[in-house]
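The values are calculated or read from the model by the stated rules, or taken from the named source; none is laboratory data. Here the structure is a predicted model, which means the values were calculated and not measured. All Cβ positions, glycine included, derive from the backbone under ideal geometry; neighbour counts span all protein chains shown. Protein only, heavy atoms only, side chains kept; ligands, DNA and RNA dropped before computing areas. Shrake-Rupley method; radii C 1.70, N 1.55, O 1.52, S 1.80 Å.
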Amino acid sequence: LYLPAEDLIGRKLHDVFPAEQADVFLGHIRSMVETRQPMETEYTIPVGPERRPAAFAAVLRPMAGDRVLLVARDITDKRAAEEAIRKSEEKYRSLYENMLEGVYQTTSDGRILSANPALVRMMGYDSEEELKATLSPDAYVNPKERAEWIERLEREGEVRNFEASLRRKDGTLLAVQENARVARGQEGQVLYYEGTLTDVTERKNLEEQLRLLANRDPLTNLFNRRRFHEQLEMQLRQASRYDLRAALLWLDLDHFKEVNDAYGHKAGDEMLLHIARLLQDQVRQADLLARLGGDEFAVFMPHTDLRMAEAAAARILSEIRSRAFEHEGRNIRLTASIGIALYPEQGVTVDKLLTHADLAMYRAKDEGRDRFSRETASDEHHRMRAARAAWTRLIGEGIDQGRFLLYSQPVIELGSRAAAHHELLLRWTEEGGTVVSAESLLSTLQNSDLIRDIDRWVARRALEVLARLRDAGRETVISLNVSAKTFDDPQWADILSRGLINLDPSRLIIEVSEPSTVSQFPQARHFLAFLKSRGCRCALDDFGSGLTSLQHLKLLDVDFLKIDTSLILGLPDRQDSRQLVRAMVQLAHGLEIRVVAEGVDREESLDLLTEL
């Protein structure tokens with residue numbers, strides 16, 4: 001009782017114990033006097049001068065006559081430790097039962113010893129007992145994955161971030177990331193395996209979507225330009241090795257823009273799907289079919305001579321001409337122009353063959369459309385030299401005479417609907433004074449060194465704009481686009497470095513297109529690192545038109561991701577585009593990258609993007 005002995009000797013139980021506890025003791029004593037059997041008890045009473053509560057475990061043993069010996073042991077600290085353990089176990093149990101990850105223990109042969117509720121739900125079972133009645137190796141879709149997992153566990157004692165495919169109770173597949181270790185006894189024997197499973201099915205689906213996006217046109221599911229280019233290179237290498245002949249058909253729909261403008265983007269997309277299905281019906285199984293962009297398609301035909309290529313082109317044109325497309329009760333008929341290029345007569349490289357087919361397609365349009373045509377080597381040489389000279393003169397005159405202009409377009413933040421920054425867009429003044437988009441000019445020059453002159457001009461003007469805005473007290477953020485030719489242009493880099501003196505570089509955003517980044521990844525990565533070293537911010541433009549892998553995106557230090565217009569136009573009407581945009585937004589936000597959507601053409605799209 002933590003009191004002096006003299007305060008206790010000779011006193012009664014009720015004098016030193018609380019009345020309730022004294023009554024309990026008296027009951028125990030009377031019982032033992034009768035039964036002569038010892039007893040054990042635990043109790044808590046106030047002790048010491050300060051009357052603090054203390055817990056005791058006591059043994060009461062009968063002695064001679066009516067005497068009883070009580071030996072009590074203070075178990076207050078033991079009780080506190082047990083309570084701490086209980087709370088810890090309760091906390092662990094709560095954590096175990098409420099974790100999002102699945103937690104398990106299994107024997108080495110795969111018998112499940114324990115599984116938390118998350119794992120039970122993840123595997124589609126109704127209870128832990130039902131799951132424990134199964135063998136874990138049976139859940140692996142690929143037995144080799146289980147064998148590899150066991151081999152690594154036994155060799156290394158643990159497995160980190162092991163990815164596998166499991167089968168749920170209902171047979172559906174589950175992608176998981178597994179962390180596990182071997183629990184061993186004192187003598188080193190294996191007691192059990194334990195670990196966690198994380199459901200990564202959604203992430204895997206996202207990666208698969210992006211892989212498809214990297215290789216397939218999102219509207220038609222045909223090869224996109226990048227993938228077609230890769231496949232074409234492989235086919236040409238094979239044709240060269242075995243001395244084979246082949247043909248490339250470049251198809252462009254006639255007056256498609258007018259049809260698109262008249263009936264809307266939704267109808268335009270349906271027409272392109274209609275053409276894609278028609279082409280799939282017409283090409284051979286060995287042929288390569290792709291949508292190169294817009295209303296342009298390409299077919300590569302191995303083991304094909306001129307006669308066969310012309311017969312295929314005539315058949316395709318006839319099918320397009322004869323098949324009406326129905327839209328809102330009206331029949332719309334389309335025609336197309338096809339350019340033919342032969343391998344090896346008109347090109348032994350991908351670029352040469354594509355250029356030749358493109359020129360042949362324009363010849364077909366010049367000759368009246370709804371037909372096919374073929375360029376000869378002399379035609380191409382003459383036209384290429386003439387075009388080069390014309391463009392050189394045009395660009396020089398445009399810069400000297402001030403025919404290039406920069407317009408600005410606000411980039412709106414969805415939360416506030418205010419302008420977050422402004423993108424500078426290149427415009428061109430025609431002979432009659434009409435200001436038009438420079439898109440077709442830039443598209444034509446994208447692989448020419450002439451585009452460097454335009455990039456340099458745009459950079460100089462943009463830096464002048466920033467300086468004027470700063471002097472006027474307007475700290476606006478602006479963005480500008482550059483071509484792939486700028487990645488290794490020392491003049492452009494010098495223009496930027498000198499122009500940023502006395503300016504806040506973070507107010508300048510440099511945009512590079514995804515296709516050019518993918519095709520020249522090392523140069524693009526070096527270029528973006530240079531921009532970041534100067535304090536500029538970077539954007540990846542046209543995202544969704546050429547991504548090779550998630551690894552590329554993780555390695556690029558960009559601040560903004562700009563989703564390509566092709567995925568945004570008509571967004572409310574296109575389920576596939578909405579799924580891809582949702583995936584891209586989740587991916588970008590996961591990497592702490594801001595997202596910009598290009599081509600928002602209607603209010604419903606704006607509302608949908610706000611939701612996504």
> Arg167: open to solvent by 80 Å² or more (accessible area, probe 1.4 Å), closer than 30 Å to Tyr43 by Cβ and touching a strand residue (DSSP E or B) at 6+ places or on another chain (Cβ under 7 Å), yes or no?
Replying inline: no
> List, please: which pairs have Cβ atoms under 8 Å, are six or more places apart or on different chains, and start with a residue in region 494-512 that is of a type in the set (Asp, Glu) and at pLDDT 90 or above and end with one that is assigned to a loop (DSSP other than H, G, I, E, B) and open to solvent by less than 20 Å² (accessible area, probe 1.4 Å)?
Replying inline: Glu511/Val482
> Does Ile501 satisfy the criteria of being surrounded by fewer than 20 Cβ atoms within 10 Å (Cβ to Cβ), β-branched (Val, Ile, Thr) and more than 25 Å from Pro410 (Cβ to Cβ)?
Replying inline: yes
> So, in region 53-73, of the ones that are of a type outside the set (A, V, I, L, M, F, W, C) and either touching a helix residue (DSSP H, G or I) at 6+ places or on another chain (Cβ under 7 Å) or under 18 Å from Leu8 (Cα atoms) (or both), which residue ends up most open to solvent (accessible area, probe 1.4 Å)?
Replying inline: Arg67
>> All but one of (1) within 40 Å of the chain's Cα centre (by Cα); (2) in contact (Cβ under 8 Å) with a residue 12 or more places away in the chain; (3) under 30 Å from Arg241 (Cα atoms); (4) open to solvent by 10 Å² or more (accessible area, probe 1.4 Å) hold for Glu345; state the number of the condition that does not hold.
In response: (1)
>> If a residue must be of a type in the set (D, E, K, R) and either touching a helix residue (DSSP H, G or I) at 6+ places or on another chain (Cβ under 6 Å) or not in a helix (DSSP H, G or I) (or both), how many such residues does region 74-89 contain?
In response: 1
>> I'd like the residue in region 129-146 that is closer than 21 Å to Arg181 by Cβ, of a type outside the set (S, T, N, Q) and touching a helix residue (DSSP H, G or I) at 6+ places or on another chain (Cβ under 9 Å) and, out of all such residues, is surrounded by the most Cβ atoms within 10 Å (Cβ to Cβ).
In response: Leu131
> Of all the helices (runs of 4 or more DSSP H) wholly in region 480-538, which have at least 1 residues that are of a type in the set (Lys, Arg)?
Replying inline: 490-499, 521-533
> Quick one: in region 473-493, which of the residues that are more than 16 Å from Asp449 (Cβ to Cβ) and open to solvent by 70 Å² or more (accessible area, probe 1.4 Å) is farthest from the chain's Cα centre (by Cα)?
Replying inline: Arg474
> If you take the residues of region 166-210 that are among the small types (Gly, Ala, Ser) and more than 18 Å from Thr106 (Cα to Cα), which of them is nearest to the chain's Cα centre (by Cα)?
Replying inline: Ala175
> Filtering region 26-44 down to residues that are touching a Pro at 6+ places or on another chain (Cβ under 6 Å) and not polar (S, T, N, Q), which residue is surrounded by the fewest Cβ atoms within 10 Å (Cβ to Cβ)?
Replying inline: Arg36
> Using beta carbons and a limit of 9 Å, which pairs, at least six apart or on different chains, have the first residue in region 241-270 and farther than 21 Å from Thr220 by Cβ and the second one part of a loop (DSSP other than H, G, I, E, B) and of a type in the set (Phe, Trp, Tyr)?
Replying inline: none
>> Consider region 315-350. How many of its residues are charged (D, E, K, R) and touching a strand residue (DSSP E or B) at 6+ places or on another chain (Cβ under 9 Å)?
In response: 3
> Looking at region 110-165, which of its residues are among the β-branched types (Val, Ile, Thr), part of a helix (DSSP H, G or I) and touching a Leu at 6+ places or on another chain (Cβ under 9 Å)?
Replying inline: Val120
>> Any residue at all in region 229-246 that's modelled with pLDDT of 90 or more, of a type in the set (Lys, Arg), within 16 Å of Leu317 (Cα to Cα) and surrounded by fewer than 16 Cβ atoms within 10 Å (Cβ to Cβ)?
In response: no
> When you go through (1) open to solvent by 60 Å² or more (accessible area, probe 1.4 Å); (2) among the acidic types (Asp, Glu); (3) at pLDDT 90 or above one by one for Glu187, which number turns out not to apply?
Replying inline: (3)
> Does Arg284 fit the bill of being charged (D, E, K, R), under 31 Å from the mean Cα position of the chain (by Cα), surrounded by fewer than 17 Cβ atoms within 10 Å (Cβ to Cβ) and under 21 Å from Ser322 (Cβ atoms)?
Replying inline: no
>> If I filter region 534-547 for residues that are within 15 Å of the chain's Cα centre (by Cα), open to solvent by 60 Å² or more (accessible area, probe 1.4 Å) and more than 25 Å from Lys266 (Cβ to Cβ), do I get at least one hit?
In response: no
>> Which residue is nearest to Leu606 (Cα to Cα), if the candidates are limited to region 413-434 and must be among the acidic types (Asp, Glu) and assigned to a loop (DSSP other than H, G, I, E, B)?
In response: Glu413
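For every residue, the table says whether it meets (1) closer than 19 Å to Ile509 by Cβ; (2) open to solvent by less than 50 Å² (accessible area, probe 1.4 Å).
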| residue | (1), (2) |
| --- | --- |
| His552 | no, yes |
| Phe560 | yes, yes |
| Ile563 | yes, yes |
| Leu567 | no, yes |
| Asp573 | no, no |
| Asp576 | no, no |
| Ile593 | yes, yes |
| Asp601 | no, no |
>> What's the total number of residues in region 166-191 that are among the acidic types (Asp, Glu) and not in a strand (DSSP E or B)?
In response: 2
>> For region 306-326, give me each residue that is without any contact (Cβ under 8 Å) to a residue 24 or more places away in the chain, in a helix (DSSP H, G or I) and either of a type outside the set (S, T, N, Q) or in contact with a Lys or Arg (Cβ under 8 Å, 6 or more places away or on another chain) (or both).
In response: Arg307, Ala311
>> If I ask for residues that are of a type in the set (Asp, Glu) and closer than 15 Å to Trp149 by Cβ, which ones from region 171-205 would you list?
In response: Glu178, Glu194
> Looking only at residues in region 108-121 that are open to solvent by 20 Å² or more (accessible area, probe 1.4 Å) and not acidic (Asp, Glu), which one is farthest from Arg168 (Cα to Cα)?
Replying inline: Ser108
